Amino acid sequence: MTIMAENISHGTVYHNFIDGSWVPSVSGDLFENRNPANTGDLIGVFQKSTRQDVERAIDAARRAYASWRLVPAPRRAEILFRAAHLIADRKEALARDMTREMGKVLDETRGDVQEAIDMTYFMAGEGRRLYGQTVPSELRDKFAMSVRQPLGVCAVITPWNFPMAIPSWKIVPALVCGNTVVFKPATLTPLSALSFVKILEEAGIPQGVVNLITGVGGEVGEPLLSSDDVRVVSFTGSTAVGRTVAQQAAPSFKKVHLEMGGKNVIMIMDDANLDLAVEGCLWGGFGTTGQRCTAASRVVVHERVYRAFLDRFVARAKALRVGDGLDPATHMGPSVSDAQRKTVMEYVDIGLKEGATLVCGGHPLGGESHAKGFFHEPTIFADVDPSMRIAQEEIFGPVVSVIPCRSFDEAVAIGNGVTYGLSASIYTQDVNRAFAAMRDLYTGIFYVNAPTIGAEVHLPFGGTKATGNGHREAGTAALDVFSEWKSIYVDFSGRLQRAQIDTADL
Ligand code: UN1
């Protein structure tokens, strides 16, 4: 069966991918995916899957694991290298689909696809490494080593804001380590997920090794989380859902990797290059319409440069053009959905009620040019108190809170004073301050003279506190999520040697 089932009057119907075939859900139910910049533009119609579909996918992945784990890792990696080539060949088309699907501007969707290419090449390289250790034994004629072993079926649950990059961060390391995958993408971005899986299929991934199930969170997620056959769950999304994932996965003792919310801070010191800081705050705050877990939604500014910074920041934010991400003149696209934009509007109300000063934006955009999408003005609140909800809670939209501070120490305290710990940054010319901040901000990612976004695939990605549960994805750290250690001792002495006891034998 082909990837596209049929072209019916209301759009192209796309299928699930189970056990090497593109198949409809047993439910016969479908859901629509529409362009958030123009809701008249139907991207496609996707399967609203049920427990039964998920169980079939898990079963296929469980069976495929028996042979995939024995494929030599360098051979597994060859398939991944081919996949990386294919993504690179199709980069422009994939980026255009992604902009239509979730709204961010083309430059950014090209970056998203590039991140998937980078990750796939990087992890394919790991196929010839996957290093373990060989260490001396404490006993004579005995060899000691540790090797990475796969775990089995991995459930991959991904968000809509990085529709190809984040799936690649999870699926590719899972595969190179020898696991099999059941992939449940966000309901808002099934097409990018499907294109990624289609490329893996074309690159030669064997039947059942990667399975894709589209559908609504609870219905598809619950059976994935409760199944004894699923051994790893890797989830990126909100902290509230992450908590549920951890709870549902606990009874079957799955390895759970959670990558959740952020309330990231840019700290601007009185010696900062202000023009550079303004550029960083625009990109960090309004890039991806503020819909990144790494978004710079708080800016803490030293009182000596507060006014000068704020004036320039507001002037530049007011000049940002909001519109369809496919239009090269657009700086910022829409919110991904009506619900997401409503959340933004609610937080604008909350900020006003809390007494923050609205200095830029604050309204949804309508009118002829914006009527068909979920557009909202870039919004800046000034004179924000660090305890306000707009300075504490993740908004996931184009809203930045600017907070004055009197000293470096106060900036660090405000920076750390949230429940999240993903990314933070400082703008300063003072190397001493830069190093102190690097050490003292309790986050998983830190930048100097750059905004809070822009992580590269070969370094660990993740956060502390309510952002994560101790794991990191990307970099070789991702291998620790998708493999576990086995320590192996080979005694070639021909006699019983007792560790810790036969110590006299030098
Ligand atoms: C996310 O915000 O969910 O560092 C991921 C960045 C991107 C990845 C962001 N490379 O902003």
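Taking into account only those residues within the range 416-442 that are open to solvent by less than 40 Å² (accessible area, probe 1.4 Å) and polar (S, T, N, Q), which is nearest to the ligand (Cβ to nearest atom)?
The selected residue is Ser423.
Could you tell me which of the residues Asp118, Asp97 is of a type in the set (Asp, Glu), touching a residue at least 40 places away in the same chain (Cβ under 8 Å) and either assigned to a loop (DSSP other than H, G, I, E, B) or in contact with a Leu (Cβ under 6 Å, 6 or more places away or on another chain) (or both)?
Going through Asp118, Asp97 in turn, just one is of a type in the set (Asp, Glu), touching a residue at least 40 places away in the same chain (Cβ under 8 Å) and either assigned to a loop (DSSP other than H, G, I, E, B) or in contact with a Leu (Cβ under 6 Å, 6 or more places away or on another chain) (or both): Asp97.
Checking Gly454 against (1) touching a strand residue (DSSP E or B) at 6+ places or on another chain (Cβ under 8 Å); (2) open to solvent by 40 Å² or more (accessible area, probe 1.4 Å); (3) under 23 Å from Leu151 (Cα atoms); (4) not assigned by TED's automatic domain parsing to the domain that holds Ala174, which test does it fail?
Result: Gly454 passes all but (3).
Every residue in the range 261-276 that is within 16 Å of the ligand (Cβ to nearest atom) and in contact with a Phe, Trp or Tyr (Cβ under 8 Å, 6 or more places away or on another chain), please. Quick ask: steps written out before the conclusion?
Initially, the range 261-276 is screened for residues within 16 Å of the ligand (Cβ to nearest atom), giving 261-266.
The answer is Gly261, Gly262, Lys263, Asn264, Ile266.
Give the residue, chosen from Val153, Val105, Val113, that is of a type in the set (Val, Ile, Thr) and more than 16 Å from the ligand (Cβ to nearest atom).
Among Val153, Val105, Val113, only Val153 is of a type in the set (Val, Ile, Thr) and more than 16 Å from the ligand (Cβ to nearest atom).
Need the failing condition index for Gly367 against (1) open to solvent by 70 Å² or more (accessible area, probe 1.4 Å); (2) at positive phi, just the number.
Checking Gly367 against (1) open to solvent by 70 Å² or more (accessible area, probe 1.4 Å); (2) at positive phi, the one that fails is (1).
Trp22: without any contact (Cβ under 8 Å) to a residue 24 or more places away in the chain, open to solvent by less than 60 Å² (accessible area, probe 1.4 Å) and hydrophobic (A, V, I, L, M, F, W, C), yes or no?
Numbers: without any contact (Cβ under 8 Å) to a residue 24 or more places away in the chain: yes; open to solvent by less than 60 Å² (accessible area, probe 1.4 Å): yes; hydrophobic (A, V, I, L, M, F, W, C): yes.
For Trp22, the condition - without any contact (Cβ under 8 Å) to a residue 24 or more places away in the chain, open to solvent by less than 60 Å² (accessible area, probe 1.4 Å) and hydrophobic (A, V, I, L, M, F, W, C) - is met.
Do you know which of the residues in the range 478-497 that are out of contact with any helix residue (DSSP H, G or I) (no Cβ under 8 Å at 6 or more places or on another chain) and among the small types (Gly, Ala, Ser) is least open to solvent (accessible area, probe 1.4 Å)?
Of the residues in the range 478-497, the ones out of contact with any helix residue (DSSP H, G or I) (no Cβ under 8 Å at 6 or more places or on another chain) are 480, 483-497.
Imposing the further condition that a residue be among the small types (Gly, Ala, Ser) reduces the set to 483, 487, 493-494.
On the way: Ser483: 5, Ser487: 76, Ser493: 29, Gly494: 81 Å².
Applying the filter and picking the extreme gives Ser483.
Any residue that is of a type in the set (Ser, Thr, Tyr) and open to solvent by less than 10 Å² (accessible area, probe 1.4 Å) - is there at least one of those in the range 198-216?
Yes, because at least one residue in the range 198-216 is of a type in the set (Ser, Thr, Tyr) and open to solvent by less than 10 Å² (accessible area, probe 1.4 Å).
So, in the range 413-432, how many residues would count as being hydrophobic (A, V, I, L, M, F, W, C) and part of a helix (DSSP H, G or I)?
3
Take the range 156-169 and flag every residue that is near the ligand (Cβ under 7 Å from one of its atoms) and within 18 Å of Arg100 (Cβ to Cβ).
Here is the first cut: in the range 156-169, the ones near the ligand (Cβ under 7 Å from one of its atoms) are 159, 161-162, 165-166.
Pro159, Asn161, Phe162, Ala165 - these are the residues of the range 156-169 that are near the ligand (Cβ under 7 Å from one of its atoms) and within 18 Å of Arg100 (Cβ to Cβ).
Starting from residues that are within 16 Å of the ligand (Cβ to nearest atom) and open to solvent by less than 10 Å² (accessible area, probe 1.4 Å), keep the ones in the range 296-324 and report whichever is nearest to the chain's Cα centre (by Cα).
Once the filter is applied, the top-ranked residue is Ala296.
The values are calculated or read from the model by the stated rules, or taken from the named source; none is laboratory data. What you see is a predicted model; the values in this text were computed from it and never measured. Note that each Cβ is placed from the backbone with ideal geometry, even for glycine, and that neighbours are counted across all protein chains shown. All accessible areas refer to the heavy atoms of the entire protein, side chains included, with ligands and DNA or RNA removed. Shrake-Rupley method; radii C 1.70, N 1.55, O 1.52, S 1.80 Å.
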